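No value in this document is a laboratory result; all are computed from the given coordinates. Just so it is clear, the structure is predicted and the values come from calculations on it, not from any experiment. Neighbour counts are summed over all protein chains in view; Cβ atoms, including those assigned to glycine, are modelled from backbone coordinates with ideal geometry.
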Amino acid sequence: MPTKRFTCSLKNLEKISDYVTDYAKQAGLNETQVYAVQLAVDEASTNIIEHGYGQECPSRIDITCDVQEDGLKVVIYDDAEPFNPETVSEPEINVPLDEIKPRGLGIFLMRQMMDEVNYQSSSDTGNTLTMVKHRENRKANK
Amino acid sequence: MEIQTTEFKHCTVIKTSGRIDGSNAPQLSQALKAIIAKGVKNIVFDMSDVVFMASAGWWVLIDTQKTCKPSGELVLTNIEKGIKDSLNLVGMGSYFKTFDDVTYAVGNF
């Protein structure tokens, strides 16, 4: 499985998106699904850069794309402070404009956009975020 | 990020292209604040050439809408399907009037 390393900068978000998009297309995902992968990976990467490391840090974001029989698996590795998305409460949605708060939306989007989202953290290997998107026809047949 | 603004009698149209993400959302925010600083609170965001918008961009639009209302309004035009779907998914689509054509959006004011 190919892994590519990106330096931890918001300026790399477009490069990260381009990299993942190539594999999403190879995996046969349709246009809507490709956008979903782009958005989920962008939100995940932004979270790592902004909340994990602090901006413009020199460390790594390694991304592995695995084209599978039924879709695409994206794995993002980083060495930021351990952070478990499961501990973040879901944002309040469909609330009046004045009450909406910019909190937890990125993680909510990752969960909504992808079919599987799994997070693991260890002192040896750092943080590992695994996200899977299945092709629509496979999902529809489930 | 290139941002164009066009002033009309009753509103200002702002247009940009490509991706809006955490790296350039602050630029969009600055441009919108500059429009509001001129006393304009009726704003049309022409999104016909915007291909991607992360939540960082949405927050800029939400903040702008909060500032413009109730005396004015930020409306969106020509939103790409993926962006529109994700906006609606999190219930943010309801915060904005949308148009398929800039001319209609300008005429709305």
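Brief remarks on what is shown
- Distance violations [Cα-Cα > 21 Å] among A:Lys25/B:Lys81; B:Lys33/B:Lys81; B:Lys38/B:Lys69: B:Lys33/B:Lys81
- Close amide H pairs (under 5 Å, H built 1.01 Å from N) link B:Phe99 with B:Leu76, B:Thr77, B:Asn78, residues at least 5 positions away or on another chain.
- Rough spin-label spacing in nm, given labels placed 7 Å along Cα→Cβ, for B:Asp85 and A:Glu86: 2.9
- For segment A:3-141, a crude dipole built from +1 on the beta carbon of Lys and Arg and -1 on the beta carbon of Asp and Glu, taken about the Cα centre, is about 340 debye to the nearest 20.
- Loop-located GluC sites (Glu not before Pro) in segment A:1-103 whose Cβ has at most 10 other Cβ within 10 Å (DSSP): A:Glu69
- Projected area averaged over orientations for the protein assembly as shown, convex hull of C-alpha atoms, nm²: 14.1
- Computed about the Cα centre, the dipole magnitude for the protein assembly as shown is approximately 540 debye when only Lys and Arg (+1) and Asp and Glu (-1) carry charge, each at its Cβ.
- Cα gyration tensor category, rounded, prolate or oblate, for chain B with a/c compared to 1.5: rounded
- Gap separating the Cα centres of segment B:38-78 and segment A:83-142, nearest whole Å: 25
- Integer Hz, Karplus 6.51/-1.76/1.60 couplings in order for segment A:77-93, x for Gly and Pro: 10, 8, 10, 6, 4, x, 8, 9, x, 5, 7, 8, 6, 5, x, 7, 10
- Within 10 Å of each Cβ in A:10-16, the average number of Cβ atoms from other chains: 4
- Loop sites in segment B:1-55: trypsin sites (Lys or Arg not before Pro), DSSP, at most 13 other Cβ within 10 Å: B:Lys9, B:Lys38
- Restricting segment A:34-112 to trypsin sites (Lys or Arg not before Pro) that sit in a DSSP loop and have at most 14 other Cβ atoms within 10 Å of their own Cβ leaves A:Arg103.
- Top positive-direction residue, dipole computed over the protein assembly as shown with Cβ charges, set B:Thr5, B:Val90, A:His134: B:Thr5
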